[in-house]
Amino acid sequence: MPADHSRAPVLEAVEAFHRRGDVVYGPPGHKQGRGVDPRVLAVLGERMFAADVLTLNGLDDRRESQGVVSQAEALMADAVGADHAFFSTCGSSLSVKAAMISVAGPGEKLLISRNAHKSVIAGVIISGIQPVWVHPKFDRDLHLAHPPEPDDVRRALRENPDAKGMLLISPTDWGSCADIAGVAAACHEAGVPLIVDEAWGAHLPFHPDLPEWGVNAGADLVVTSVHKMGSAIEQSSCFHLTGDRVDPEVLSAREDLLGTTSSSPLVYASLDGWRRQMVEHGHDLLGAALERAERVRRAVDGIGRLELMGREVVGPGAAFELDPLALTIDVRPLGISGFQAGDWLRSACHVDVGSADACRIGARLTHADDDATERVLLDALRRLSAEAGDLERLAPTQLPPPGSLELETAVLPRDAFFGPVEQVPAQEAVGRVAAEVVSPYPPGVPVLTPGEVISAEAVAYLTSGAEAGMLIPDAADPTAATLRVVAR
């Protein structure tokens with residue numbers, strides 16, 4: 001029997017709860033908004049709190065006999081072509097950890113693309129997994145990493161035949177996509193599963209002109225952040241399982257180990273409603289977004305001294321594909337950094353870009369953009385190009401040469417992180433073993449992970465970057481003047 005995608009089980013359960021007029025004598029303590037400070041309601045609204053209802057003994061009964069969430073998850077799986085879907089209310093930061101420990105355990109090897117988000121490194125530290133880093137392709141001109149290629153994964157699997165699987169990141173924070181089908185084939189030839197951290201790819205299943213969706217490309221387990229490119233609220237994540245290389249019962253148990261027992265119905269409901277929206281209207285909505293993106297790309301190409309990354313980066317040794325909704329704009333020809341550009345756009349134009357680094361800014365278009373947001377973005381970029389000469393010229397970040405951040409892992413990350421440590425001046429940290437995660441943010445890809453031998457190039461990049469406006473929120477010393485290392 002075909003799935004009925006006109007339904008939204010979680011939203012229907014919220015409506016039913018309100019129709020019944022249930023009076024709750026358990027959490028949440030605000031009692032559907034009755035106890036909320038009116039000043040809070042004035043900002044957040046009464047309806048948000050009215051919908052904040054426990055799933056257990058709220059949207060569903062004590063035995064969960066109505067299957068409210070499981071029905072919604074089944075519809076999500078059907079919508080994207082997966083065998084199983086699991087909702088997460090703690091973002092993909094939790095989902096990717098659950099995926100990792102469903103494939104590898106303490107002391108076991110897992111191949112991981114080194115351009116992984118800091119949440120992946122946290123999963124390595126917590127689990128005790130031994131990472132085998134598969135390094136991305138570094139674009140010398142753009143100073144930007146593209147995903148590793150299938151042959152890189154085959155080589156790593158030959159050198160580590162005891163590895164339990166591979167974790168691949170695609171799309172990257174800057175929109176470049178991996179050859180997921182090729183990497184999946186390499187993994188499956190070796191008899192191991194492929195996990196794809198597709199946090200930026202929740203929209204991909206719903207239009208044929210977008211890069212191929214991980215499930216369709218043969219990945220076994222795909223993690224998506226629906227709040228990034230979809231219509232769900234922050235922290236909304238979903239992971240999708242296909243085939244039998246990862247046991248769904250194991251995945252469910254691992255997620256339960258990490259997840260909250262107080263899941264937000266607001267997250268569940270927004271995931272549920274987004275799936276319905278995409279099945280019913282996604283093709284048209286994303287088709288319009290793609291047309292808008294093409295129009296914006298042409299306009300940005302016409303703005304002096306802004307260099308928009310396009311399909312010139314697609315090819316061997318670079319990106320396999322590019323998400324056209326990701327606008328990656330190099331601002332170095334303006335004589336400023338991406339940090340300065342992002343800060344100026346926010347203060348002068350009230351335009352908030354998604355990412356900024358030493359070289360570029362990143363802006364994402366979605367199905368939610370319209371003529372007004374298109375106009376605001378282009379006007380702001382034109383102003384940036386015209387007025388960048390007025391910005392202070394700062395000492396540039398010392399960008400590391402290709403390969404210089406491919407650091408040796410000398411100690412298991414968990415041992416380095418939890419063992420005896422000391423804080424030393426950054427220059428004295430060269431040659432020492434890192435004991436902390438050091439991630440410029442956004443996008444949050446670590447320069448240093450615990451257990452890696454710190455290089456002079458990494459120190460120069462971090463210290464000069466911090467002086468130029470780089471944000472390093474997870475380091476013990478956000479200025480990078482000192483670094484935490486394993487004690488001798």
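Helices that extend 18 Å or more along their long axis by alpha-carbon positions and average at least -0.5 on the Kyte-Doolittle scale are, among the DSSP H runs of the chain, 68-80, 91-103, 265-301, 371-387. Between ARG245 and ALA386, the modelled labels are 5.3 nm apart [label points 7 Å from Cα along Cα→Cβ]. Placing +1 on the Cβ of every Lys and Arg and -1 on the Cβ of every Asp and Glu, with no other charges, gives the range 282-390 a dipole of roughly 240 debye about its Cα centre.
Per residue of the chain, what 222 nm ellipticity follows from adding -39500 (n - 2.57) for every DSSP H run with n ≥ 4, rounded to the nearest 500? One gets -11500 deg cm²/dmol as the mean residue ellipticity at 222 nm. If you count Lys pairs in the chain whose Cα atoms are under 26 Å apart, skipping same-chain pairs closer than 8 places in sequence, the total is 13. Using only side-chain charges placed at the Cβ, +1 for Lys and Arg and -1 for Asp and Glu, the dipole size of the range 1-128 relative to its Cα centre rounds to 480 debye. With a cut-off of 18 Å on the backbone N, the residues of the range 52-89 near the modelled label site 7 Å out from THR261 along Cα-Cβ are 54-64, 89. ALA481 to ARG62: FRET efficiency via 1/(1 + (r/R0)^6), r the Cβ-Cβ distance, R0 41 Å, to the nearest 0.05? Between ALA481 and ARG62 the formula returns 0.15.
Between TYR441 and ARG47, the simple spin-label model (points 7 angstrom out along Cα→Cβ) gives 3.3 nm. Convex hull of alpha carbon positions in the chain: directionally averaged projected area 24.2 nm².
Note that the range 212-228 has calculated 3J(HN,Hα) couplings of 5, 5, x, 4, 5, 8, x, 5, 8, 9, 10, 9, 10, 9, 5, 6, 7 Hz, one per residue in order, obtained from phi through the Karplus relation 6.51 cos²θ - 1.76 cosθ + 1.60 (θ = phi - 60°); glycine and proline are x. Taken about its Cα centre, the range 408-488 carries a charge dipole of about 120 debye when Lys and Arg each add +1 at the Cβ and Asp and Glu each add -1 at the Cβ. Between ALA410 and GLU467, the C-beta separation translates, for a Förster distance of 35 Å, into a calculated FRET efficiency of about 0.80.
Rounded, prolate or oblate for the range 282-390? Axes are the square roots of the Cα gyration tensor eigenvalues, ordered a ≥ b ≥ c, and the cut-off for rounded is a/c under 1.5. Oblate, because a/c is 1.5 or more while a/b does not exceed b/c. Where in the range 33-76 does the amide nitrogen come within less than 16 Å of the point 7 Å from the Cα of ALA16, taken along Cα to Cβ? Within reach of a label on ALA16: 53-75. Within the chain, the longest segment free of exposed loop sites, counting GluC sites (Glu not before Pro) that fall outside DSSP classes H, G, I, E and B and have at most 14 other Cβ atoms within 10 Å, spans 65-233. Distance between the modelled labels on ARG7 and PHE418, one decimal in nanometres: 4.4 nm (7 Å Cα→Cβ projection).
Computed from the coordinates by the stated procedures, all read-outs in this text should not be read as laboratory data. This is a predicted model, so every value here is computed, not measured. Note: ideal-geometry Cβ built from the backbone for every residue, glycine included; neighbour counts use all protein chains shown.
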